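Novice: Below are the structure tokens for one structure; questions will follow.
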Amino acid sequence: MELDLKHMLQTIWKRKGIIAFFVVIGIIASSYYSYLVLKPVYQASTKFIVNKTQFEEGQGSININELNANIKLIQTYKELIRTDWILKEVLRKNKDIPYTTAELLSMVKVSSTNDTQVVTISVENESYQMAARIANEVTLLFIAKIPSLMHVDNVTLLTSADKNVDASPIKPNRLMNVIIAAIAAFAAGIGLALVISFFDDSVYTEEDIELATGLTTLAVIPKMNRKHVRSKHDRASRQRTTTSGGDAYVTTQ
């Protein structure tokens, strides 16, 4: 296992050029897509509380049964907000909102914390002002229409979305996208390097011979071409010397 790990690390290092190429391409592609293609998305939200159960004045404090009834009603309210009963009416009253009911539905999110009576309506849009406007319109229309449907007046607005806030986008997280792309490209580069090595039966080093045959390498014969032979011949020619009298001729090979 130690030998396999060492061989794997050697393979990765030998193919480091491929891995670096993948990482660079991944970073460039992710940066281009995150910074130039993806548009920033903003979120605006409103909050209301479900705090009464009857259409009566002079009610005393809410008991535990009424509190549980309010909490159960929240699940119903969350579904009602995301129906055509509300969304179509919002578009009918605001004809300058350039979306269909389905598109509006994809923007609106309704949530509540467990065992609380507070409900949050969130809207995501490429324009914060539009997101704030839609969130306010949906919330106010729901509060206005719910008494006629449920025959209760138990919804009170807590906070509305401020259209003048200098909001920051909630996505995309560009830096995180680049980091994830770099990690994925690094892993892909390593995978490709190992695959290439697995299907490559060529022998490059003494270690490759030992791994393939299980035998120890005793000697290595270097590969030579005409250039190497010519260089060796030139060196031999330069080593020839002649005695000063010219009677003796010595050649060193």
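The values are calculated or read from the model by the stated rules, or taken from the named source; none is laboratory data. This structure is a prediction, so every number in the text was calculated from the model and none was measured. Because the Cβ atoms are built from the backbone with ideal geometry, glycine has one as well, and the counts that use them run over all protein chains shown. When the accessible area is computed, the model is the full protein with side chains, heavy atoms only, and any ligands, DNA or RNA have been set aside. Shrake-Rupley method; radii C 1.70, N 1.55, O 1.52, S 1.80 Å.
Novice: Starting from the alpha-carbon convex hull of the stretch 40-159, give the projected area averaged over all orientations, in nm².
Specialist: If I average the Cα hull's projected area over directions, I get 7.7 nm².
Novice: Which entries in the list LYS47/LYS145; LYS39/LYS93; LYS93/LYS171; LYS72/LYS95; LYS47/LYS78 go over 22 Å, if you measure between the two C-alpha atoms of each?
Specialist: LYS39/LYS93; LYS93/LYS171; LYS72/LYS95
Novice: Which FRET efficiency value, to the nearest 0.05, is calculated for THR76 and LEU192 with the Förster distance at 51 angstrom and r the Cβ-Cβ distance?
Specialist: Computed FRET efficiency for THR76 and LEU192 comes out at 0.40.
Novice: Taking only C-alpha pairs under 8 Å that are 6+ residues apart, what is the relative contact order of the stretch 54-197 in percent?
Specialist: 20
Novice: Under a 1.4 angstrom probe, counting protein chains only, how are LEU87, LEU80, LEU149 ranked by accessible area, largest first?
Specialist: So, going from the largest accessible area down, we get LEU149, LEU80, LEU87.
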